[in-house]
Structure formats: structure tokens, C-alpha cells
Amino acid sequence: MPRILIFLLTILILGFGFYFISKEKEIMIEETETKLEVTLKGAEGKISIITCYDNYLADSRLKTGWGFSVLIKSGNQNILFDTGADSETLLFNMENMERDPKKVNTIVLSHIHGDHIGGLKGFLKKNANLTVYIPASFPDLIRKEIESYGAKYKDIKGTEKISEGVYSTGELYGPPKEQSLIVNSKKGLIVITGCAHPGIVNIVKKAKEMFPNEDVYLVLGGFHLTGASDSELKSIINDFRKLDVQKAAPCHCSGDRCRELFKEEYGDNFIENGVGKIIEI
């Protein structure tokens, strides 16, 4: 075969090769973009946030205690964020709200303090068929306790997806190190904090950093502002406005004065959160 024909055939074969490789890359990019689009749609359907443990009261049938726990229901997911200071109060409140502990499939612990993890052992006695997401800075004793009940644990250090539409901020420095939850709802981001030791404004900024194209619909939980001065509180409220936070639901360690000033500023968009409060989005 003449050399010129061999040369032309080689060029033709290489051309087809590059064409198919290029098409394969296009398909891979399209698939990646589709997966990303699905992820950014966030939690589907109705989201319910039920406060199961708090020192503020929203339902007179329930018990209060110094601590915090909320149940997030989204689709088939039932995520318990923190477990309060004791399991007796937590389980009593869940039972009286007709929330079955055995339907919880995930626990997320915000930080090491007893008013947020004290109810864990008693809860795992009722239901250990789940995974507990803990800050990586937790001592090994906690991991051994989780495993001793037959449950699994997962260390969280950086930003991580917990379930469809639900994410951890990862450990943010307080002290102590603490993770918060971000729920990407159809109305915007829902930021749920345990005690906000890293600073409530810093946590909201982290949520905006994670989802720069999403609005912040609601910030709920402990703001760690008990004893803060009026000027400090007004500065934080001003930061919330700059960050376009639409609704606020401070509870637990936020403090009475914090709640008063947020209510003055936010009016109908202030949610008086406490144990027994159910927020549906």
C-alpha cells in the first residue's frame, strides 16, 4: 500500500478517535450538570421542624429543660439535631407530640456540651438503627458509646451532605468546635444552630458561602447571646438584615432580651420558638 494512503488512513482513524473522546466528555459534563442541578433543588416537598427540647415553652403539655433538640422531617428523612440534656424529657416530649423515636434515621450532634448530647444514650436505647454525625473533634469515648448501643457514627470535619437537601457546615471554631445544619428548601436556606459558639452571624455567612445563589429563609436555634448588651444585639440584628435573613426563631441560649429585640425588628417574621413549636415549610 502506498505510503500516502497509509498516512491518510492514520489521519482518518485519529480523527474518529478524537471525535468519540470529545463526545464522551460532553456526555460526562451533561451528566455532571444534571446531578448538580438535582442537588441544588434541595429538600423536596414539605419540611417540618419540630422543637423537641428547649428551655422556652410553646406547648403547655410538654416539659422544658436547659438544652436543645429539633426534629427535621423532609421526605423519608427524620433527622434529630441534638438530644437535649436528658433523654427522659426528650422522649416524654416526643411521645406527647406523637413523634416516634424509632422513625428517626439520623442524629446530628452540634457540639460536645451536655445540654446538647445528654439525651443521646437514652435515645439510643430506644433506637440504635441509625447513624450519628459528630464533630471530628469529639473524644473517642463518644464513639465507643455510640457503637456500644449498636449504632454507627460518622465524623464531620468539613462541609458535608447529610441527606438530600440537608448539609452540615462542618466544624467551625468556637470554642468549642461546632457544626450547624443547613436545609436547602424551596423557600431558601434554613439555618439551624445548636448554641452558635462560632458566632451566629459567622454561621449564616458560612451558609451563604456554601450556597451563594440562595436566600436565607430562616435562622433557628440557640444564638448564644444571653447577657449580650443592646448595642451588641442590635449590631447582630443589623447583620441579619444585611444578609437578607427573612425570618428569625432564636431560642435556648439566645436570651430574653435577644428575643425581644428580634421580635421588635422582625415583627410577623419573628417566630417565638420553644419546645413543642412546629414550623412547616
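Results, tabulated for the structure shown:
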| read-out | value |
| --- | --- |
| Test for Asn184: is it touching a Gly at 6+ places or on another chain (Cβ under 9 Å), touching a residue at least 12 places away in the same chain (Cβ under 8 Å), in the same structural domain as Lys126 (by TED's automatic domain parsing) and on the phi < 0 side of the Ramachandran plot | yes |
| Matching helices (runs of 4 or more DSSP H) fully within the stretch 93-180 where at least 1 residues are in contact (Cβ under 8 Å) with a residue 60 or more places away in the chain | 114-117 |
| Odd one out for Phe123 among (1) buried (at least 16 other Cβ atoms within 10 Å of the Cβ); (2) in contact with a strand residue (DSSP E or B) (Cβ under 7 Å, 6 or more places away or on another chain); (3) among the hydrophobic types (A, V, I, L, M, F, W, C) | (2) |
| Checking Glu260 against (1) farther than 28 Å from Asp59 by Cβ; (2) more than 17 Å from the chain's Cα centre (by Cα), the condition it does not meet | (1) |
| Residue list for the stretch 225-235, filter: surrounded by fewer than 21 Cβ atoms within 10 Å (Cβ to Cβ) and closer than 23 Å to Ser110 by Cα | Thr226, Gly227, Ala228 |
| Residue satisfying condition, being within 20 Å of Ile200 (Cα to Cα), in the same structural domain as Lys206 (by TED's automatic domain parsing), in contact with a strand residue (DSSP E or B) (Cβ under 7 Å, 6 or more places away or on another chain) and not β-branched (Val, Ile, Thr), within set Gly174, Gly84 | Gly84 |
| Residue check for Gly65: buried (at least 23 other Cβ atoms within 10 Å of the Cβ), in the same structural domain as Glu272 (by TED's automatic domain parsing), touching an Asp or Glu at 6+ places or on another chain (Cβ under 7 Å) and modelled with pLDDT of 95 or more | no |
| Residue count for the stretch 127-136, restricted to those that are over 18 Å from the mean Cα position of the chain (by Cα) and surrounded by 15 or more Cβ atoms within 10 Å (Cβ to Cβ) | 2 |
| Test: residue in the stretch 88-105 that is under 15 Å from the mean Cα position of the chain (by Cα) and either surrounded by fewer than 20 Cβ atoms within 10 Å (Cβ to Cβ) or of a type in the set (Phe, Trp, Tyr) (or both) | yes |
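The values are calculated or read from the model by the stated rules, or taken from the named source; none is laboratory data. Not measured: the values here are computed from a predicted model. Using ideal geometry, Cβ is built from the backbone for each residue, glycine included, and neighbour counts are taken over all protein chains shown.
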